[in-house]
Amino acid sequence: MANESRPVAKKRKLIDPHIHMVSRTTDDYQAMADAGVVAVIEPAFWTGQPRTEIGTFKDYFSCLVGFERFRASQFGIKHYCTIGLNSKEANNEALAEEVIELLPRFAGKEGVVAIGEIGYDEMTKAEEKFFRVQLELAKEMDLPVMIHTPHRNKKVGTSRSMDVCMEHGIAPSKVVIDHNNEETCKEVLDRGFWAAFTIYPKTKMGNKRMVEIAKRYGSDRVIVDSSADWGISDALAVPKTADLMIASGLSEAAVDAMCYYNALAAYGQSGQMKESDWLDLKTVDSKKEFEGNSLLRGGGPEAPEDSRIIT
Amino acid sequence: MSAQTLLLDWLKSRMAPQGVAWLEEKAALLATGAQEKTVSLSFSSCLRYSGKSPLALAHADLQAARAAVPGWNPGDWTCDQAARIFLLVSLPPGSDSAKMMDRLYQTADVAEAVALQKAAAVLAFPEGHLARAREAIRSNIKEVFEAITLRNPYPADQFDVIGWNQMVVKTFFVESPTQEIEGLDRRANPPLSRMLTDLAQERWAAGRTFSPQLWRCLGPCADDRGLDGLQKALAGSPVEKRAAVLALASCPLPRAATLLQAEPALAAAARAGSLTWENL
């Protein structure tokens, strides 16, 4: 088991503020709950296969506020989401126009904590156009913004994302710049934005590097997430990073800030995410009632005595 | 009093005056045929004004609800549900509004979907809500499934026998409390008895348990296989035994009376009304 070494009595509460649970299994939910994850934010993003119809966007957004919310609740995890048109699919302009029309229908719903993840992929004209349209929507809805920074030409893309936010009069305190690295984070923090780091094998940040960044820049406005999705990624990236940070001598308070409180403060600005949302949940016990409903048969955390036996 | 008037009365004593004013303004707009965007946005943003506290209605309120709409039981409704349903009942009744509600349902979050399903209890033009209600029976989100299934008169009044039977069997399957289904005894039917007999046999074969309330829906229309099942339950745990006795007492077949002779004391209690499904 991944978390055998975690002391159960002193389990830290954690938030993964960027994870694509539609691509993950119930085993992941179970492991995350066991590791102390109490809340997740699932940003609307692309799903690997480019969409060609508006209906698939509609159903995807509906899933984020519907079935996925229910799936998480079976494990005692509060599920929030962000709504937006991602930068890759902004390049299908005709479809993108239709998606923009659809967004207000979802952006005002319960548990939608930001417009996102939006920003740049290749920094094309189409991406620029729909990025700006969505910044205006965030302003109109008074919602925070989650920025996806590009893999290629990252440093320029990150600076430019912040410039455009400023141009639209959005306060840096309402914007989370995600997928930072050693090269981008200083500018992001200096300019007053939230700096999120994605602990994702190979392509983004590793947790040892993250420890070094935290030592160098401190925990103020720094957020750790997994962005775990349909790729080779790790749904336990936040708990593993928290563990490594403690083992590396970072303070409890600093780890709590980076792996819990900062995400709550940033996305709590939406008015849609409060600590009481999960502190008030009853203890998950599949034998008991949960939020007024007993759990689905076969669902919910229930550790079998012998893992080779399926009941 | 209409459901609409009752809902507003209840909300007035539970919401801030500005919230009530907002709700009344939106309801007036909706009543005169507002644009779909207005309907959708007010339905979504309701929650900000209503909060999610339980309505916690008094006994007299529940009686008034029953008087307004037979079978209406808002005992577990919350303020956001009441506010959203108040908006829905404000729409002009008819197929245009029902289709708009179908579209609201397609993009609903969990709480909105629950409100749309609970609304079926009080909405006019019931035939317009049938497909949506049937869809909720297929939902894997238990809250949504229970919103139409439990404490809601709509299914017993509107579902055909296929829809009804699927709903009842699924309620057992997901282990929701079937005794909270409205019209359960009234809608007993032979195909349902056969499906429940199969479910009981399947559970026994798998070594799994099931609610003894299953026998309640099976008894009145039990066939010979159903009675075989009841005979087995009669030899089961005390609660199974009591359930089997009650079910046999509701069955008109001579073999049921014969089986009951094995439990004369319980059979007498069932006849006298001291043993019931409620105190099982």
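Taken together, the values in this text are just the output of simple stated rules run on the coordinates, not laboratory data. On a predicted model such as this, the values are computed, not experimentally measured, just so you know. Ideal geometry is used to build each Cβ from the backbone, glycine not excepted, and the neighbour counts take in all protein chains shown.
Taking the number of Cβ atoms within 10 Å of each Cβ as an exposure proxy, the fewest-first ranking of A:256, A:178 is A:256, A:178.
On a 0 to 90° scale, report how tilted helix B:110-119 is relative to the longest principal axis of chain B, with both axes built from alpha carbons and the result rounded to the nearest 10. The helix B:110-119 is inclined about 80 degrees to chain B. The orientation-averaged projected area of the convex hull spanned by the Cα atoms of region A:14-280 comes to 12.4 nm². Exposed loop sites are taken as trypsin sites (Lys or Arg not before Pro) in a DSSP loop (any state but H, G, I, E or B) with at most 12 other beta carbon atoms within 10 Å; the longest stretch of chain B without one runs B:53-185.
Work out the length of the dipole vector of chain A about its Cα centre, built from +1 on the beta-carbon of each Lys and Arg and -1 on the beta-carbon of each Asp and Glu, and round it to the nearest 20 debye.
On the way: 39 positive and 47 negative charges, 123 e Å.
Here the size comes out at about 600 debye.
Qualifying chymotrypsin sites (Phe, Trp or Tyr not before Pro) in region B:143-178, where qualification requires a DSSP coil assignment and no more than 14 other C-beta atoms within 10 Å, are lacking entirely.
If we count other beta carbons within 10 Å of each Cβ, what is the order of A:19, A:213, fewest first?
Working: A:19 28, A:213 20.
The fewest-first ordering by Cβ neighbours comes to A:213, A:19.
Taking a cut-off of 27 Å, what percent of all Cα-Cα pairs in region B:1-148 are separated by more than that?
On the way: 1427 of 10878 pairs.
Everything past 27 Å amounts to 13 percent.
Say the dipole of region B:190-272 comes from +1 at the beta carbon of Lys and Arg and -1 at that of Asp and Glu; which of B:254, B:268, B:204 then lies farthest toward its positive end? Towards the positive end, the residue furthest out is B:268.
Nothing charged except the Cβ atoms of Lys and Arg (+1) and of Asp and Glu (-1): what's the magnitude of the dipole of region B:3-173 about its Cα centre? Round to the nearest 20 debye. Could the numbers behind the result be given before it?
Working: 17 positive and 17 negative charges, 46 e Å.
Using Cβ point charges on Lys, Arg, Asp and Glu, region B:3-173 gives about 220 debye.
Taking the Cα centre of region B:190-272 as reference, the dipole from Cβ charges on Lys and Arg (+1) and Asp and Glu (-1) amounts to some 160 debye. Projected onto the charge dipole of region B:1-138 (+1 at Lys/Arg Cβ, -1 at Asp/Glu Cβ, origin at the Cα centre), which of B:8, B:90, B:44 gives the Cα projection farthest towards the positive end? The residue sitting most towards the positive pole is B:44.
Compute the acute angle (0 to 90°) between the alpha-carbon long axis of helix B:3-12 and the principal axis of greatest extent of the alpha-carbon atoms of chain B; round to the nearest 10°. Taking the Cα atoms of chain B, the angle to B:3-12 is about 70 degrees.
Under the rule of -39500 (n - 2.57) per DSSP H run of 4 or more residues, summed and divided by the residues of chain B, what mean residue ellipticity at 222 nm is obtained, to the nearest 500 deg cm²/dmol? Could the numbers behind the result be given before it?
Numbers: 17 runs with 180 residues, N = 280.
The per-residue figure over chain B is -19000 deg cm²/dmol.
Two-decimal Rg/Rh of the protein assembly as shown from alpha-carbon positions, Kirkwood Rh? Intermediate values should be presented prior to the final figure.
Details: Rg = 27.2 Å, Rh = 26.4 Å.
Rg divided by Rh gives 1.03.
For chain B, the longest principal axis of the alpha carbon atoms and the long axis of helix B:17-31 meet at an angle near 90°. Ordering B:190, B:133, A:193 by Cα displacement along the dipole of the protein assembly as shown toward the positive end leaves B:190 in first place; charges were set at the Cβ atoms of Lys, Arg (+1) and Asp, Glu (-1). Largest GNM mean-square fluctuation among A:226, A:62, A:73, using chain A with Cα springs under 10 Å: A:62. For GluC sites (Glu not before Pro), the sites in region A:149-243 that DSSP calls loop and that have at most 16 other Cβ atoms within 10 Å are A:182, A:183. I'd like the distance between the alpha-carbon centres of region B:44-58 and region B:143-158, rounded to an integer number of Å. Using only Cα atoms to place each centre, the spacing works out to 20 Å.
Where in chain A are the DSSP H helices whose alpha-carbon span along the long axis reaches 18 Å or more and whose Kyte-Doolittle mean is at least -0.5? List each step's numbers first, then the result.
Numbers: long enough: A:93-107 (21 Å, 0.55); A:125-141 (24 Å, -0.64); A:154-167 (19 Å, -0.52).
Span-like helices here: A:93-107.
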